Amino acid sequence: MPERHPDHDLIQGEWTERSLVEKLLEPVEKPPPRPWKVVAAVGFVLTLAWLYAIFVTFTKGLGTWGINQPVLWGFDIVHFVWWIGIGHAGTLISAILVLMRQNWRDSLNRITEAMTLFAVLCAATYPLIHMGRAQHFYWILPYPTHMALWPQYKSPLSWDVLAIFTYLTISTLFLYLGLIPDLALLRERSQGWRKKLYGWLSLGWTGSALHWRRYRAAYVLLAGLATPVVISVHSVVSMDFAYGVVPGWHLTLFPPFFAAGAIYSGFAMALTLLIPLRKWYRLEGVITERHLDWMGKVTLASGLGVAYTYLLEIFIAWYSAEPAEWAQQLWRMTGPYAPYYWAMMLINVVLLQTLWFPRFRRNVAWLFVFSILANVGMWLERFVIVVISLSHDFLPGNFHLYSPTWVDWTLFLGTLGFFLFGLAVLIRLFPPSPWRRCCTSTTSLGSTREAPCCTGTWPTLTRRRSF
Amino acid sequence: MGWPAFIPVTFEITILTITVGIFLYLLYLNGLPLAAHPAVLAPRYREALVDRPALFVYATDPRFDPEATRDLLRALGAEVEEVRRA
């Protein structure tokens, strides 16, 4: 009688270590299900459209976009903030939940880290193509130059560059570090070019017990360091706005507001991806309804932070006794963009409350619908903050509405396509859930619970080189 | 008094360097990247990667004795395989 999997209380069904490995490597080793082909094809077409829109932007200029005076930040910055927010669930799950010993994150962290990587890549393209002189993008980096150029480090825009670069690097390292043991196993199980690819990428990982010990220590250290970064990145993004004097932007509550919004939208996007994925790949035993329930709770908690700030914004606009602030608030609620504002309120304040009730939270269909709605709601929030604020500043003579062009829309749909295509390729190459679960989680790091699966590694008798 | 404005960048660069440093130091300590370890030549290595315990005894130890080691491990009920560097 084979032993049950050590994480049997977190996953569903009678799994042994070996049967779970077989199951988790299926997406890589077996031909993909039909929905995978559809997602990959749609993603690829949209990626091509995206490249075309970038080509148009570079050859014809920013005049092809809908931005105007005073709405100089349009869809590009809306989507930049939206994507960065989505990118927050991955590192939150990898880092903060590791430190809090939330072992259920083991089923989810790989796919959300991949999501983070592509979301941040999508986000980073927007400021780059918005620069106008995109060929000089490297001027935003501090480097010795004969022109004695140096970034203005008192500007949040410069902080943003480094915050996002750091975040991208750390997320990639997290994803890669988690992948190394999986890659070693795939190296031993595959043939041909795949064997070569996994061989190179696994860096010659042997699975020695000593290596595992250092690996786990490094993993927790990275988690500890990444935790403040998760919070800092969207706080820095919020300061891009809060440092400006535009009514509706100049608020000290922006950093916590943006951090909560990022976690909320990140978890919403993670649910949108995970619910179909577990169905298509029959991973219901690994990503169980309990996992979804827990994710629903995190979504509710972070969403409540967002809803609270919406209400506080109204109060502060009135309490500040600043005519432009109050006029901005009324413009949002009653102006031509009011439907966007009220739709945002409906989703992120009213519909969010359904997650209090287990009946709704444990209903996978509703959770899926709500996760899509929450993505839309967060998109609307970014639209409210960026576009509506700019369209109504101080002098009525300057007010101007914004309407996006087809290039703006193609850039948005294109990043969505690139996101889906990238994830589809990644799932085909790397298992969507790490098979060596308990070794990467903190159960084996000083807690009372032993990690039985770690006994299957190589204790070495003699030190040879650095083994 | 402009120093607070420099804190975000200082913070991000600190984290960036430490993180990359930890990752590279982990690789250094573990002797990675490594082209091939002789252990992978063992026929049942793949199982050891998943759920079987395995013990690897290096022949480079000056006190290594192939016969005595094999006898000891066999006496303890292990399957013994000899792998040589390809």
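The values are calculated or read from the model by the stated rules, or taken from the named source; none is laboratory data. Bear in mind the structure is a predicted one, so any value in this text is a computation, not a measurement. Cβ: placed from backbone, ideal geometry, glycine included. Neighbour counts: every protein chain shown. All accessible areas refer to the heavy atoms of the entire protein, side chains included, with ligands and DNA or RNA removed. Shrake-Rupley method; radii C 1.70, N 1.55, O 1.52, S 1.80 Å.
Structure data summary
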item: Cβ-based net charge around residue A:365, under 13 Å, with every Lys or Arg adding one and every Asp or Glu removing one; result: +3
item: Shape call, the stretch B:36-86: gyration tensor on alpha carbons, a/c limit 1.5; result: oblate
item: Peptide-level mean, for A:345-353, of C-beta atoms on other protein chains within 10 Å; result: 0
item: Virtual spin-label span in nm between residue A:342 and residue A:34, 7 Å along Cα→Cβ; result: 4.2 nm
item: Amide proton proximity set for residue A:208, modelled H, under 5 Å, gap of 5+; result: A:458
item: Helix-derived mean residue ellipticity, 222 nm - over chain A, DSSP H n ≥ 4, -39500 (n - 2.57), to 500; result: -20500 deg cm²/dmol
item: Local electrostatic count, residue A:82, Cβ distance below 10 Å [Lys/Arg +1, Asp/Glu -1]; result: 0
item: Interface area, B with A, accessible, probe 1.4 Å, both sides summed, Å² nearest 100; result: 4600 Å²
item: Förster-model FRET efficiency, 51 Å R0, residue A:44 and residue B:78, C-beta, rounded to 0.05; result: 0.50
item: In Hz, Karplus ³J(HN,Hα) per residue of the stretch A:311-316 (6.51, -1.76, 1.60; θ = phi - 60°; x = Gly, Pro); result: 5, 5, 4, 5, 4, 5
item: Å² per residue, accessible surface of the protein assembly as shown at 1.4 Å; result: 45 Å²
item: Average beta-carbon neighbours from other chains, 10 Å sphere, peptide A:153-162; result: 4
item: Non-local Lys pairs in chain A, i.e. 8 or more apart or on different chains, that have alpha carbons under 23 Å apart; result: 9
item: Gain upon complete extension [residue A:128, residue A:154; 0.36 nm per residue less C-alpha separation]; result: 7.3 nm
item: Karplus-derived 3J(HN,Hα), 6.51/-1.76/1.60, for each residue of the stretch A:120-129, Hz, glycine and proline x; result: 5, 4, 4, 4, 5, 6, 4, x, 5, 7
item: Cβ-based net charge around residue A:354, under 14 Å, with every Lys or Arg adding one and every Asp or Glu removing one; result: +3
item: Pairwise centroid distance, computed over Cα atoms, of the stretch A:125-184 with the stretch A:325-396, Å; result: 30 Å
item: The stretch A:255-260 - phi-based ³J(HN,Hα) in whole Hz, Karplus 6.51/-1.76/1.60, Gly and Pro as x; result: x, x, 4, 5, 5, 5
item: Förster-model FRET efficiency, 35 Å R0, residue A:394 and residue A:146, C-beta, rounded to 0.05; result: 0.30
item: Contour minus Cα-Cα distance for residue A:99 and residue A:360 (0.36 nm per residue); result: 91.1 nm
item: Packing rank of A:143-154, A:186-197, where each peptide gets the mean count of other beta carbons within 10 Å, highest leading; result: A:186-197, A:143-154
item: Chain A: angle of helix A:209-242 to the longest principal axis, Cα-based, in degrees nearest 10; result: 10 degrees
item: Shielding by partners - mean other protein chain Cβ count within 10 Å, residues of A:217-228; result: 3
item: Tilt relative to chain B, helix B:7-29 - C-alpha long axis, 0 to 90 degrees, to 10; result: 10 degrees
